Amino acid sequence: MKRILGAAAILMVLAATVIAPTASAQCTTGTGTNILFKWDANGFAYEPGYNQATFNSTAGNQVTVVGVLSLWCAPFAALDPNDPLKEYTVVLTGTSSGTTTAPFGTSGTAYTTVYTGGTFAVYEGTPRNAPAATAMPINPPNATVPANYLDGTVVLSGSVDSLVTSITRSSFGTVNGSFRGRYTVLGGSGSTQLCQAKGGIGLMNGLWAVSGLPTGYIAHPNGKFDAPSCPVPAQTSTWGKIKTLYK
Amino acid sequence: MKRRAWLLLLAAVAFAAPAYAQTQTLFGFTGFDYVQSAAPGGLKVNRAAVPNFLAVTDDYHAVGFITSFSPIVVGPDMVANEYTFHLYDATVATSTLVGDFLEVSFQDNARVRAFEDSRSTGTAAVYGINPPNATSPSTFEDGSLILGADVDQLVLIYDYSTSQGNFLGNANLDEGSLLGQIPPGLQAGWIMSGLAGRPNATVPDGYVNQLSGELVIPTATNSRHGSWGSLKRLYR
């Protein structure tokens, strides 16, 4: 029996190695919290009424972010973002609370926009039909944006609260940005592979580049979702039992 | 001569882009940054994250993994190999903390290098804690050098009120085995940018921020219509 168990253990290790050969190293941080997925070049945001010159968003308007995943990590490391037959896309939304500006440094200005009530969904679609990052169709929404990012099976979905974008024009004249938000998993076919199928909360953040954009887009995000936290479930107990712990 | 013409044509096709495409990404990356400060004896020691984490003369480092390559470079095999990078020689020139905003400029001539290391015969990159340590940056700069760039005008901004920031620098590619695939006219003018701040449970002890970024060139060369005759005339 011991030999069978040993052989099974070895097979399991080998299987895990085969399933996740490429993603593990770049996903592993050593802290216990790792990246869940990431996207790079193919990530774009658009929003009606957005003033590109002043980086000002109108309160009440909705931002939409579309992206094609470039990296999957555990527990989804078996999914291949480069599969020629499948495409993994992410779509985010959020409602603007308007933009505030603040000075910094000697002559810099920061433009901060908070988006609330957002949603996210990650799709597995066939075939790969999202536009290339170098050929984004202008002025979304259009025939393929966001439609070709929204097709397929929902792998993960949920809510996004307090998505904050920060664009900075530095005292040295450089312009760049970042985004940060918190997401909660609420569903999707892959949600059962997480520590909790619903309610897991995680960090999403990354670059929010605003230079050299295709017409009609307000930013090029390059970002990632970290794996959601796994809270320890509460247990019912009695005062007596708690007292016993400290005696 | 014909071969050269074909190569030029292929390069033009590879970099061809519709008029509305304004950027071309070379690679995307993820990783972490850390800071080394001057210590007695001229040594540089790791300094944990504190407000104004980059003081004048501090050395800024970033290590991590390349998560995707643009199709403009041929050869990277993400299955067989691990691709890593190290940004170093980024010395703080000015550092201003006003309110919640930190603004830092760096001296020119920082350097970023990207490496290819076999997953089967090489050494896997490991962050560890409190870098520099036994594995970082050493395991992020082993293997073969595929691309390197001089990084100038690097600027980092961080807003402590929203726990986010960004960095951006101009990168001129000048070394590595893949350099020859980048047309000479497109080796300068790249922009390296990224950053993803803390609090962030993924950040190992001794590192400061998580990174999510890329190396992009702002204006891709557009394709032009031409005849074989006009192409041949260029080489007569």
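Worth a mention:
- Taking every DSSP helix (H) stretch of at least 4 residues in chain A, weighting each as -39,500 (n - 2.57) and dividing the sum by the residue count yields a mean residue ellipticity at 222 nm of -3500 deg cm²/dmol.
- Sites B:VAL45 and A:THR106 - FRET efficiency at Förster radius 25 Å, r taken between beta-carbons, to 0.05: 0.25
- Residue-wise HN-Hα couplings along the range A:100-108, as the Karplus relation 6.51 cos²θ - 1.76 cosθ + 1.60 with θ = phi - 60° gives them from phi, are 10, 10, 8, x, 8, x, 7, 8, x Hz; Gly and Pro carry x.
- Ligands, DNA and RNA left out, the 1.4 Å accessible surface of the range A:24-230 is 55% carbon and sulfur atoms.
- Inter-part distance where the range A:76-141 and the range B:140-216 are each reduced to a Cα centre, Å: 20 Å
- Put simply, chains A and B cover up around 3800 Å² of each other's accessible surface, both sides summed, when a 1.4 Å probe is used.
- Compared with its chain on its own, the range A:130-163 contains the following residues whose accessible area drops by 10 Å² or more in the full protein assembly (probe 1.4 Å; ligands, DNA and RNA excluded): A:THR134, A:ALA135, A:MET136, A:ILE138.
- Full extension of the chain between A:ALA132 and A:ALA78 gives 17.0 nm of extra length, using 0.36 nm per residue less the Cα-Cα distance.
- 1.4 Å probe, heavy atoms, protein only - residues of the range B:158-198 losing at least 30 Å² accessible area vs chain alone: B:THR162, B:GLN164, B:ASN166, B:LEU168
- Selected from A:ALA53, A:ALA147, A:ALA227 as most flexible by GNM, with chain A as the system and alpha-carbon contacts under 10 Å: A:ALA53
- Phi to ³J(HN,Hα) by Karplus 6.51 cos²θ - 1.76 cosθ + 1.60 over the range B:117-132, Hz, x for Gly, Pro: 9, 4, 6, 8, 10, x, 10, 5, 6, 9, 5, x, 10, 6, x, x
- Note on B:ASP205 and A:LEU150: their simple-model spin labels are 4.8 nm apart, each label 7 Å out from Cα toward Cβ.
- Partners for A:LYS86 among aspartates and glutamates (Cα-Cα distance below 15 Å; same-chain residues under 8 apart left out): A:GLU124, A:ASP151
- Fluctuation leader among A:THR100, A:THR168, A:THR29 - chain A, Gaussian network, Cα springs under 10 angstrom: A:THR29
- B:GLN107-A:ALA59 FRET efficiency (beta carbon distance; Förster radius 25 Å; 0.05 resolution): 0.05
- In sequence order, the range A:70-79 has phi-based couplings of 10, 8, 10, 10, 4, x, 10, 5, 6, 7 Hz under the Karplus curve 6.51 cos²θ - 1.76 cosθ + 1.60, θ = phi - 60°, and Gly or Pro positions carry x.
- With a simple spin-label model that places each label point 7 Å from the Cα along the Cα-to-Cβ direction, the separation between A:THR31 and A:THR119 comes to 3.1 nm.
- Other residues with beta-carbon under 13 Å from the beta-carbon of A:VAL210 carry, at +1 per Lys or Arg and -1 per Asp or Glu, a net charge of 0.
- Rounded to 0.05, the FRET efficiency of the B:VAL74 and A:LYS243 pair, given R0 = 60 Å and the Cβ-Cβ distance, is 0.30.
- Working from Cα pairs under 8 Å separated by at least six residues, relative contact order for chain A is 18 percent.
- Two-site label geometry, B:THR96 and B:ASN130: point separation in nm, points 7 Å out along Cα→Cβ: 3.6 nm
- With 20 Å² as the minimum drop in accessible area between chain alone and full protein complex (1.4 Å probe), the qualifying residues in the range B:106-143 are B:ARG119, B:TYR127.
The values are calculated or read from the model by the stated rules, or taken from the named source; none is laboratory data. In this text, all values refer to a predicted model and were calculated from it rather than measured experimentally. For neighbour counting, all protein chains shown are included, and Cβ atoms are generated from backbone atoms with ideal geometry for every residue, glycine included. Calculation scope for accessible area: heavy atoms of the full protein, side chains included, ligands and nucleic acids excluded. Shrake-Rupley method; radii C 1.70, N 1.55, O 1.52, S 1.80 Å.
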